[in-house]
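Below is one structure, written out as structure tokens; the observations come after it.
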Number of protein chains: 4
Amino acid sequence: MIKVAIFGASGYVANELIRLLLNHEKVEISFLFSETYKNKFLHQVHPNFKKLTNIRFLGYDELEKALSCDLVFLASTYNFSLKYVPIFLKKGLKVIDLTPMFRLKNPEYYQTYYKIKHPCPELLEKAVYGLPEINRELIKEAKLVACPGCIATSSIIALYPLIKSRIIKSYPIIIDAKMGSSGSGSRYSQASIYSERANSIRAYKPTNHRHTPEIEEFLSRISKEEIKIALSAHSINIVRGLLATIHCFFENELSIKDLWKIYRSFYSKENFIRIVREEKGIHRFPDPKNLIGSNYCDIGFDIDERNKRIVLLSALDNLTKGAAGNAIQSMNIMFNMDEKEGLKSISPYPI
Amino acid sequence: MIKVAIFGASGYVANELIRLLLNHEKVEISFLFSETYKNKFLHQVHPNFKKLTNIRFLGYDELEKALSCDLVFLASTYNFSLKYVPIFLKKGLKVIDLTPMFRLKNPEYYQTYYKIKHPCPELLEKAVYGLPEINRELIKEAKLVACPGCIATSSIIALYPLIKSRIIKSYPIIIDAKMGSSGSGSRYSQASIYSERANSIRAYKPTNHRHTPEIEEFLSRISKEEIKIALSAHSINIVRGLLATIHCFFENELSIKDLWKIYRSFYSKENFIRIVREEKGIHRFPDPKNLIGSNYCDIGFDIDERNKRIVLLSALDNLTKGAAGNAIQSMNIMFNMDEKEGLKSISPYPI
Amino acid sequence: MIKVAIFGASGYVANELIRLLLNHEKVEISFLFSETYKNKFLHQVHPNFKKLTNIRFLGYDELEKALSCDLVFLASTYNFSLKYVPIFLKKGLKVIDLTPMFRLKNPEYYQTYYKIKHPCPELLEKAVYGLPEINRELIKEAKLVACPGCIATSSIIALYPLIKSRIIKSYPIIIDAKMGSSGSGSRYSQASIYSERANSIRAYKPTNHRHTPEIEEFLSRISKEEIKIALSAHSINIVRGLLATIHCFFENELSIKDLWKIYRSFYSKENFIRIVREEKGIHRFPDPKNLIGSNYCDIGFDIDERNKRIVLLSALDNLTKGAAGNAIQSMNIMFNMDEKEGLKSISPYPI
Amino acid sequence: MIKVAIFGASGYVANELIRLLLNHEKVEISFLFSETYKNKFLHQVHPNFKKLTNIRFLGYDELEKALSCDLVFLASTYNFSLKYVPIFLKKGLKVIDLTPMFRLKNPEYYQTYYKIKHPCPELLEKAVYGLPEINRELIKEAKLVACPGCIATSSIIALYPLIKSRIIKSYPIIIDAKMGSSGSGSRYSQASIYSERANSIRAYKPTNHRHTPEIEEFLSRISKEEIKIALSAHSINIVRGLLATIHCFFENELSIKDLWKIYRSFYSKENFIRIVREEKGIHRFPDPKNLIGSNYCDIGFDIDERNKRIVLLSALDNLTKGAAGNAIQSMNIMFNMDEKEGLKSISPYPI
């Protein structure tokens, strides 16, 4: 059994990690850390776990205990990751960091987008961007995996085959993202209350979204081309789920059949990517409603002949494939386990 | 492996049966029947199953195939159950019927509440009411299990300990139920469209709800007392989930501690019943949000000293413990399997 | 023009007051007070008012200005009302208080339900309970009107005709209330965030709800009988709206026709009460969805013959008839204006 | 008093027309036509109007009655408009058509986008596109006003100042629209039920949306340039409201101040256009939540320096400014009334 600890265990990403790990046959959750809720039972914060386990939260005063684990998941604050990732690595633990603090290679981006001077830039190059479908070989050997942001995961998975196939003729690619509320976590503010957020379509980041550099940097590296993206993010009236609508342009002839061929060639063997494109019916394109709680990323496409535009639709559950599920998939790869282990939860429908 | 077939396989209850059975290690879904969608792939109707199975729907012209199964689940029309339950039983199959057609012992109720003359009243006495927590011994030997309605399940589980303990002093007991939309199935009508149903609190059955006689009859039989209930049902702005608020009155002294004692004595060994009552916090009483997709029924209680009133709160997912999950739990008992098999799906949170 | 000031002007009740008053032809909003947002423009807090007015919030340091008004609406904290109601009255202003601080006659209830010793119990008897349909004559002469709580308004309006007609045979009457999120105001807490509250049915007050004593006291006074009620309140997945389902019992014969007769005799001349009871269709009973933003209270009823139970359904918009609309209706009466003035806003549908 | 009749009076657009017209001081609703609901009272279909009027629906057998009116609103089927617009015009009535049947000048578009051969192409040139803010002068003289689609209204209003100011450097302009359910009307289908549509983000028209040609044709005509747009439309989890996110590119220097200047110069005198752009806070960009039931179109903008991209955000209520409100504004112009008459309804907040 692989022993893991989770930091930031009172948040929504941690809830999803715990949910999936409780059904993982080869992993044991050894410790849950939450400074705020220390000594409380897990289910007092996460009511879905009542009757499933009697584990309690530990405070950071007992942090040493984590050192007996094989792997730590960090789903806590940015500062916690910056401080403890180097320490855990030095102690020989593997680390999966779910904050953005080790996603980018270029330390300057941290200054631009996060207003911080990164304290350990030397680790950035060592960190592996945790996108299993594309980075599987690197993840196998990684000590530190930096889990991508949910918009980044959905966008990169959708764009990768087109970029590798040199289909896109011009940049920036436009990404118009629609997000559920759980993406902004369990902290509260005036903006997050039900009365303010219900029935709203809030363009919370029309420009300068922080997932921008990770998408650009990663796509540019794998394609050896400078890829520019233009991202706008909206929060909408759902709790879980993300749809990224991606608008890009092609030059030559391109048919739906061509796109099927491209996407199949990249993804038909992937366990967690589904190509969704029907001629008719309610479910002809990806919709997060169809995959809540599962680790799928659903990809669809359409062609706008008049404009030589491709519309990509990429849906996932921001807490699962967009965070915790993806992290567990990476863990499975790091420890040479079946990639599907712990990720067999099927989406309830309708929800 | 136990072989099962599902009739009415395009509906929401069937979706949930399939979801749970796909993770059941000892059951194989042999056939799915849907006249409307025959020959279509499962995922064309139920998008959550894409990539999980290639099974297609069969039409009723291939109904004979079901006879090779060990068990059939009937989640189709009332008429289908009335016609085929006797046939399947005669052919030696076990049957779990999810319609109301075999829930009641007294055939007159079918005339009163369903406006039909029951065609095989002799089977009513043989049918076992599929409430595992209370009827486990009978389910073990049953050939025909009639799955309770979701309001009935939530209400009976909440009331059973009080009634057996002779706590309630007067009747009727008032049950005020709040239901998600999936309870009314996947058929469409003016009343069911999003624009009409969103943001609505619709008292769709303030009186004469069809779950009334099954609650009364079952509670009266197990308590050997005439129990009367007064049920009002509302549909609210959620897809899944049911909360029954039950108002009843006691005579003598009664404390919260007494209630804990009673409920623990009845249910502490039950896998799928949780007693939820905290002194403070968001989750101090049962809330369907906390158990979506799981097979739990959460029970809570409060005492209104001034009125000598007990308020019971009973929450479940109408498609899981309120239908499909409960049916699978019964199947596990009928075939002497671990009662939890196929029911380990943990509720995602938040949702 | 009547000049009014509003205290607590950044809250949701104040928003509704402002919305209605901006269309009131005989009232001028002279001052809006909000300590938190002082100097900000109204629309920076309440975005619906952008382009409609350039008024700004005043801080409490400018409170003196209010003394030039004819009337003040208090929609601020409990403490503010307790402190300033006596002062405003002494200065000769009329006061409409939207907090609960002057609703009850018996000061002991404040100790029991609000954990405070009321500082000016002598004013309690002078305050008029602001339910225009029942208390119209007293409101005409009132200096201080205490606006009822939303559950109280919906419940009392529904019950009054039955109680006056001596139809109800036993107590307590059970009131099962379903509330939108705006009822708990614009303050934020963990419990109020979208991710926690969406898709939830939360029994936030199964017993001991603070609207209990005001319903009991008022109904008892007008009927000269001791009326007991047993109230349970739930928050559900909508922003605006309240449905109270009221369960009570009758003794003798009673038909739907009888109920029509009773309700018509009490309310057919009332502008803001509608009796909603159709034999069929989506809208056969009251539903808050049908009256959002209007000042209606919709009343419906059904009879459960088997149990000699009457089910009353009472719907209103908690911010309009449940608070601000009702307050303006009272103001119109106090100043001898047309009772409908400022209240002609028609509910958009669907919403 | 101007007399109007409404055809297709049972739909949602008609509901909104009626709501606004009931508060219009110079218009009388003479007749409501609905074949399906003939003889029913208005409130049996539209529950929000109960107690406000006793008008009943007429069937099309009484269509002649409409000829006594000054104006007819057509909110019925496409075929009804195609057949009756010429007839009403010939009889001397003014017509406001809310279907798309007279929006386009080029009859070929009807073949391409609607699969019909337009029966009266000669009327297309005479019809005036009903966008008051841009077409006011033409509307004054119009006999036939064709009301724009909701996505077209929001997009054109947002784009017009940039296009007239020659700011946009390349085409197509990308419009990513997010729509509430009421946009697809009150008809029901599997796709429209609550269980299917709740919590969904459905890309129902990623390409080839029917509002495409009306936006392109209108913008091209007024700018004397060939404007291309690339529209993708999504339905989301709300009933009312539309947000169009528009991505376009500029060439030279451009600052937020420049944009303020441009938008102010075009729209500062417009009653129903608000420029919404704050530096911080929840409401810094347009959000349909803030204008439900009002006739506002809110416009905001942001600049993505890295990509020389402008992001426009345009929000409206699809039933008000997106349909009925806009139609009434046009009517006010046609009859030389105050443009704001009947449109003073203020959006309730929160909703």
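At-a-glance table
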{"item": "Percent of beta bridges antiparallel (DSSP, the stretch B:151-318, rounded to nearest 5)", "result": "70 percent"}
{"item": "Position residue C:126, label points 7 Å along Cα→Cβ, spacing to each other copy in nm (shortest first, one decimal)", "result": "7.2, 7.7, 8.0"}
{"item": "Cα-only radius of gyration and Dmax that characterise the stretch C:2-126, units Å", "result": "15.0, 47"}
{"item": "Principal axis dimensions, largest first and in whole angstrom, of chain A by Cα", "result": "62, 44, 41"}
{"item": "Helix B:325-334 vs. chain B, principal-axis angle (Cα, 0 to 90°, nearest 10)", "result": "80 degrees"}
{"item": "Averaged over B:310-316, number of beta-carbon atoms from partner chains that fall within 10 Å", "result": "3"}
{"item": "At 7 Å out from Cα toward Cβ: residue D:164 inter-copy label distances (nm, ascending)", "result": "5.0, 5.9, 7.7"}
{"item": "Beta bridges per DSSP with both ends in chain B, % antiparallel, nearest 5", "result": "45 percent"}
{"item": "Where only alpha carbons of the stretch B:71-152 are counted, the Rg and the Dmax (Å)", "result": "11.8, 32"}
{"item": "FRET efficiency for residue D:79 and residue D:108, using Cβ-Cβ distance with R0 set to 22 Å, rounded to 0.05", "result": "0.65"}
{"item": "Partner chain coverage, peptide C:4-16 - average Cβ within 10 angstrom", "result": "1"}
{"item": "Nm distances between copies for residue B:38, ranked from closest, using label points 7 Å along Cα→Cβ", "result": "4.1, 6.6, 7.8"}
{"item": "Kirkwood Rh in Å, taken over all unlike Cα pairs in the protein assembly as shown", "result": "33.0 Å"}
{"item": "Estimated [θ] at 222 nm from DSSP helical runs (n ≥ 4, -39500 (n - 2.57)) normalised by residues in chain A, nearest 500", "result": "-8500 deg cm²/dmol"}
{"item": "Cα pair distances of the stretch D:197-311 binned at 10 Å [whole percent]", "result": "11, 32, 43, 13, 0"}
{"item": "Efficiency of FRET between residue B:65 and residue B:137 - r from beta-carbon atoms, R0 35 angstrom, step 0.05", "result": "0.60"}
{"item": "DSSP bridge pairs, the protein assembly as shown: antiparallel proportion in percent, nearest 5", "result": "45 percent"}
{"item": "Sites residue D:51 and residue D:190, calculated FRET efficiency, Cβ-Cβ separation with R0 60 Å, nearest 0.05", "result": "0.95"}
{"item": "Of B:3/B:65; C:51/D:94; B:169/B:308; A:164/A:224; A:321/B:50, those spanning more than 20 Å from alpha-carbon to alpha-carbon", "result": "C:51/D:94"}
{"item": "Cut-off of 10 Å, at most 14 other beta carbons, DSSP loop: longest stretch of chain A lacking such GluC sites (Glu not before Pro)", "result": "A:26-224"}
{"item": "Chain pair A, D: total accessible area buried, heavy atoms, 1.4 Å probe, Å²", "result": "4400 Å²"}
{"item": "Under Karplus coefficients 6.51, -1.76 and 1.60, residue-wise ³J(HN,Hα) of the stretch C:4-20 in Hz, glycine/proline x", "result": "10, 10, 10, 9, x, 6, 8, x, 6, 5, 5, 4, 5, 4, 5, 4, 6"}
{"item": "The stretch A:67-108 versus the stretch B:13-32: alpha-carbon centroid distance in Å", "result": "40 Å"}
{"item": "Whole-number D in µm²/s for the stretch B:127-175 (Stokes-Einstein; Kirkwood sum over Cα pairs; 4 °C, 1.567 mPa s)", "result": "108 µm²/s"}
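The values are calculated or read from the model by the stated rules, or taken from the named source; none is laboratory data. Here the structure is a predicted model, which is why all the values come from computation and not from measurement. Quick reminder, even Gly has a Cβ in these numbers, built from the backbone with ideal geometry, and neighbours come from all protein chains shown. Ligands, DNA and RNA are excluded from the accessible area calculation, which covers all protein heavy atoms including side chains. Shrake-Rupley method; radii C 1.70, N 1.55, O 1.52, S 1.80 Å.
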